[in-house]
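Report on the following structure.
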Amino acid sequence: MNIAFIGLGNMGGKMAHNLLKAGLNVSGFDLSEIAIEHFAKAGGVVCESPQAAAKNADVVITMLPAAKHVKDVYLGENGVFEVLKAGSLCIDSSTIDPQTIKDLAAVAEAKGIKICDAPVSGGTIGAGAGTLTFMVGAAAQTFQDAQPILSHMGKNLVHCGEVGAGQIAKICNNMILGISMIAVAEGMALGAKLGIDTKALAGVINTSSGRCWSSEVCNPWPGISENAPAGRGYTDGFATGLMLKDMGLAIEAAAQVKQPILMGGLAEQMYQQRCLQGHAGLDFSSIIQQYLAPENNE
C-alpha cells in the first residue's frame, strides 16, 4: 500500500512518522523545509508537490491548517483528485468546517474516490505516541477501509456518522477544550498568587472535580504535566492561532443554527487578544500568561 501524506507539521509529521514505523510506504509533501527534513530522516519519500505524492497513492492523508488549504490540495490547479485512481481513499484530518468536506465528498464520489473526515484529538503528545482519537465522518464501508490506516496513528477510532459528522464532533470538542484551558489557567494562576505550591494544587485538581485534559495532560503551569508545551516555553504544541481558528469555526456553526455559545464567544476573544499580542505561534496553554504579573510573563 502506498500512502501520500500532505501536511507534515507538528501534528502531521508525527502521524506520518508512526506510519513509517509501522513499515508502510509513505510519500510526503510540506512547504516547510524543516518538516520535510524530519520526514526524510524518518524514512519518508519526499515529493515536490501534493500531486506528485499522490500520483501512485492508494491512500491520501491530509493534515492542513484551514479549509482553503484543503480545497487547494484536492481541487486546485494541481489537485490530487486529478491523479488519484478510482477506489482510492482520502482521509482529511484537518479541522475545517463541515460543509467543505461535504463539498469535497461530492466531487470524490463522482470520480469513484472514497473520502472521510477524520479530525483528531490528543495534541502533539498523542500524535507522537500514536494514541490519538479520530472522529470519523464517512459511509460505513469507508470507515471500515480507513480503520487499518488510522489504527497506526490512534487508539480510539470513533465513527461519528456520515461525511461531515467528524468535523462537527471536533469543533464541539475543541470549543470545550479551549474553554477548559482558560479555566485551568485562571485557577492555577489564582492559586499561585495566593501562595499554594502549584504542584500541590495540580495534585488536588487532578484527583477531584476540577480534573480535565487541560489540567492533567497539558497543564498550562510549567513543571506540572510531563512533556506538556508549558515545560518548553509553550513551543511545539497546538498553536494559539489554530485554537482561535477552531473557536471561530464553532461560533460560525452556532450562528448557522442559532445556538448560543456564551463561554465559547468569550474564550474566542481571549485567544484573539493573545494572537494580537504576537503569540499566535505559541501553544494555546500559554493563555495562562494573560494572568501573570509582567515580570513572570516572558
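We did not get these values from a lab; they are worked out from the coordinates using the rules stated. Just so it is clear, the structure is predicted and the values come from calculations on it, not from any experiment. In this analysis, Cβ positions are derived from the backbone assuming ideal geometry, glycine residues included, and neighbour counts consider all displayed protein chains.
Structure values in brief
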{"item": "Separation of alpha-carbon centers, the stretch 114-135 and the stretch 1-49, rounded to whole Å", "result": "15"}
{"item": "Cα gyration tensor, the stretch 168-296 - rounded (a/c under 1.5), prolate or oblate", "result": "prolate"}
{"item": "For the chain, built as a Gaussian network whose Cα springs stay under 10 Å, the top-fluctuating residue of I96, I36, I115", "result": "I36"}
{"item": "Interchain or long-range residues, amide H under 5 Å from I115's placed H", "result": "C90"}
{"item": "Amide H partners (placed H, <5 Å) of L157, local residues excluded", "result": "F134"}
{"item": "Average projection area in nm² (convex hull over Cα atoms of the chain, one quarter of hull surface)", "result": "15.6"}
{"item": "Most to least packed among 11-22, 81-92 [average Cβ atoms within 10 Å]", "result": "11-22, 81-92"}
{"item": "Extension gain (nm, one decimal) between S208 and I34, 0.36 nm per residue minus Cα-Cα", "result": "58.5 nm"}
{"item": "Furthest towards positive pole of dipole, A129, L177, A202, structure part the stretch 98-210, Cβ charges", "result": "A202"}
{"item": "Approximate spin-label separation K193-Q144, in nm, with each point projected 7 Å along Cα-to-Cβ", "result": "5.7"}
{"item": "At least 18 Å along the helix axis (C-alpha) and Kyte average at least -1.0, DSSP helices within the chain", "result": "98-110, 165-194, 240-256, 262-274"}
{"item": "Farthest toward positive dipole pole in the chain [+1 Lys/Arg, -1 Asp/Glu at C-beta], among Q272, G7, S215", "result": "S215"}
{"item": "Derived scalar couplings ³J(HN,Hα) [the stretch 209-217; Karplus, 6.51 cos²θ - 1.76 cosθ + 1.60; whole Hz; x for Gly, Pro]", "result": "6, x, 4, 7, 4, 5, 8, 9, 8"}
{"item": "Two-site label geometry, A66 and A255: point separation in nm, points 7 Å out along Cα→Cβ", "result": "1.5"}
{"item": "Stokes-Einstein D (µm²/s) once Rh is taken as the Kirkwood radius of the stretch 213-252 over alpha-carbon pairs, at 37 °C in 0.692 mPa s", "result": "300"}
{"item": "Relative contact order (percent, whole number), the stretch 2-163, Cα cutoff 8 Å, 6+ residue spacing", "result": "20"}
{"item": "Separation of alpha-carbon centers, the stretch 81-106 and the stretch 143-180, rounded to whole Å", "result": "15"}
{"item": "Distance (nanometres) between label positions extended 7 Å along Cα→Cβ at A293 and V46", "result": "4.8"}
{"item": "Qualifying lysines (Cα of each under 24 Å from Cα of K170; at least 8 residues distant if same chain)", "result": "K14, K68, K71, K102, K114, K155, K245, K258"}
{"item": "Theoretical ellipticity at 222 nm over the chain - DSSP helices of four or more residues, -39500 (n - 2.57) apiece, nearest 500", "result": "-14000 deg cm²/dmol"}
